[in-house]
Amino acid sequence: MAGKVFFSVSMSLDGFIAPESSEDLMGQQWMELQQWIFPLRFFRENLKLGEGGEEGRDNDIARETYERTGASVMGKRMFDAGEKMWPKEAPFHTPVFVVTHEKRDPWERPGGTTFHFVNDGIETALDQAREAAGDRDVRIAGGGATILEYVNAGLVDEFSIALSPVLFGSGIRLFEGVDASRVALEPVRSEPSSRVTHLTYAVHPR
């Protein structure tokens, strides 16, 4: 259990990480929120979109996030949306543990991604992800409700936000319902690029 548990998300200036409806995930607001990552060389490589793409610090951060991740955990809502949108070769290339009440056999995809469906809570999913990740880190991939469960349970060591110059007005707010009495943050890094500001915090019990 040498690795950290972390999450890494893009967030609007007013605190939202996704639209309320999964049907709007490819809508204009969401595309603007994620616009910093689409031109990157790493993004093109990971989704097998061909050669080219931008280098630079944004690209380095995206690649570092991928390379540190040995396994991921996500909620059922994120999986349901992704199952419709991800290419056949899903972009994780590691084991993914889905917190759900649905009983389902593991779903193996080309390129090294296997989805495992965990029916007995977030801690069991994390234990399985830690074992699969080995010395690498476990990423809580989302969505917002799942991230919040792990934060409130004191199970997150660190998180990074790509703060994007976009306003949502409504949607899924990252820290809606956080138990602030239990969570203390320590700034680790603040790094602006031409498109977003990358913020990293260590998480400690208050």
Quiz item: With charges set only on the Cβ (+1 for Lys and Arg, -1 for Asp and Glu), what does the dipole of the chain come to about its Cα centre, in debye to the nearest 20?
Solution: 80 debye
Practice problem: At 7 Å along the Cα-to-beta-carbon direction for both residue 20 and residue 175, put a label point, then send me their distance in nm to one decimal. | Solution: 2.3 nm
Quiz item: Once all Cα-Cα distances of the chain are split into 5 Å bins that start at 0, what whole-number percent is in each one?
Solution: 1, 7, 14, 20, 22, 19, 11, 4, 1, 0
Quiz item: Put +1 on the Cβ of each Lys and Arg and -1 on the Cβ of each Asp and Glu in region 1-154; which of 90, 25, 61 then has its Cα farthest toward the positive end of the dipole?
Solution: 90
Exercise. Excluding residue 168 itself, calculate the net charge of residues whose Cβ lies under 10 Å from the Cβ of residue 168, where each Lys or Arg counts +1 and each Asp or Glu counts -1.
Key: -2
Practice problem: With +1 on each Lys and Arg Cβ and -1 on each Asp and Glu Cβ, and nothing else charged, work out how big the dipole of region 1-91 is about its Cα centre, in Debye to the nearest 20. | Solution: 360 debye
Quiz item: In region 48-206, carbon and sulfur make up what percent of the accessible area (probe 1.4 Å)?
Solution: 50 percent
Quiz item: Alpha carbon centre of region 138-205 versus region 36-97: separation in Å?
Solution: 18 Å
Quiz item: By a straight-distance test (C-alpha under 16 Å), which aspartates and glutamates pair with residue 88 as possible cross-link partners, with residues fewer than eight away in the same chain excluded?
Solution: 45, 80, 108
Quiz prompt | Ellipticity estimate at 222 nm from DSSP helix runs (n ≥ 4, -39,500 (n - 2.57)) divided over the chain, nearest 500 | solution = -7500 deg cm²/dmol
Quiz prompt | Nearby lysines by direct alpha-carbon distance to residue 103 (threshold 20 angstrom, same-chain neighbours under 8 apart not counted) | solution = 76, 84
Quiz item: residue 63 versus residue 104, label points 7 Å from Cα toward the beta carbon: distance in nm?
Solution: 3.3 nm
Quiz prompt | For region 149-204, convex hull of alpha carbons as volume per residue, Å³ | solution = 82 Å³
Quiz item: Rounded to the nearest 5, what is the percent of antiparallel bridges among the DSSP beta bridges in the chain?
Solution: 45 percent
Quiz item: Rounded to the nearest whole Å², what accessible area per residue is found for the chain with the 1.4 Å probe?
Solution: 51 Å²
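The values are calculated or read from the model by the stated rules, or taken from the named source; none is laboratory data. In this text, all values refer to a predicted model and were calculated from it rather than measured experimentally. Quick reminder, even Gly has a Cβ in these numbers, built from the backbone with ideal geometry, and neighbours come from all protein chains shown. In case anyone asks, the SASA skips ligands and DNA or RNA and just uses the protein heavy atoms, side chains included. Shrake-Rupley method; radii C 1.70, N 1.55, O 1.52, S 1.80 Å.
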